[in-house]
1. Run lengths n ≥ 4 of DSSP H only: what is the helix-derived mean residue ellipticity at 222 nm for the chain, with -39500 (n - 2.57) per run over all residues, to the nearest 500?
2. Using a Förster distance of 22 angstrom, determine the FRET efficiency expected from the C-beta separation of residue 5 and residue 25, and round it to 0.05.
3. Can you give the log10 of the normalised intensity I(q)/I(0) at q = 0.13, 0.16, 0.20 Å⁻¹, computed with Debye over equal Cα scatterers of the chain?
4. Given Cβ point charges of +1 (Lys, Arg) and -1 (Asp, Glu) and nothing else, what value in debye, to the nearest 20, does the dipole of the chain about its Cα centre take?
5. At residue 72 and residue 49, where each label point lies 7 Å from the Cα along Cα→Cβ, what is the point-to-point distance in nanometres?
6. Run down the lysines and flag those whose C-alpha is under 22 Å from the C-alpha of residue 22, throwing out any fewer than 8 positions away in its chain.
7. Expressed as an acute angle from 0 to 90° and rounded to the nearest 10, what is the orientation of the C-alpha long axis of helix 2-109 relative to the principal long axis of the chain?
Amino acid sequence: ELWISLEEHQDALELIMSKYRKQMLQLLQGRKGEGAEPVLKVHQANSLEIESQIDRICEMGEVMRKAIQVDDDQFFKVQEKLAQLELENKELRELLSISKESFEVGREDLPD
């Protein structure tokens, strides 16, 4: 009895769903002519807006790439200058130590 009841229930649901699909199809076909134009215009407007936003994002990306390149160039210049100054500092310290040594040796050679 349950099996038969289940089959009847499924048949009833199939009938209801087929009528629903038929009515929805008719409704959509009736609205298709009148409703498609505004939706299409809205879609085109949204597409244009999205396209312009994508273009702006690409432009911003290019600006960021250029800024990164400038920063990298500036960083390398600073690093190079720092290396030059460190080398110069090292050489000056060596000269200073040589100068101190010669001054101390000259002082030791002087009679009291």
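1. Working: 1 runs with 108 residues, N = 112.
Dividing the helical sum by the residues of the chain leaves -37000 deg cm²/dmol.
2. E between residue 5 and residue 25, to the nearest 0.05, is 0.10.
3. Per q value, in the given order, log10 I(q)/I(0) is -0.87, -0.97, -1.09.
4. Numbers: 15 positive and 25 negative charges, 216 e Å.
Charge dipole, the chain, about its Cα centre: 1040 debye, nearest 20.
5. Simple spin-label model gives 3.7 nm for this pair.
6. 32
7. The angle comes out near 0 degrees.
No value in this document is a laboratory result; all are computed from the given coordinates. Note that the structure is a prediction, hence the values are computed from the model and not measured. Reconstructed Cβ throughout: ideal geometry from the backbone, glycine too, with neighbour counts over all protein chains shown.
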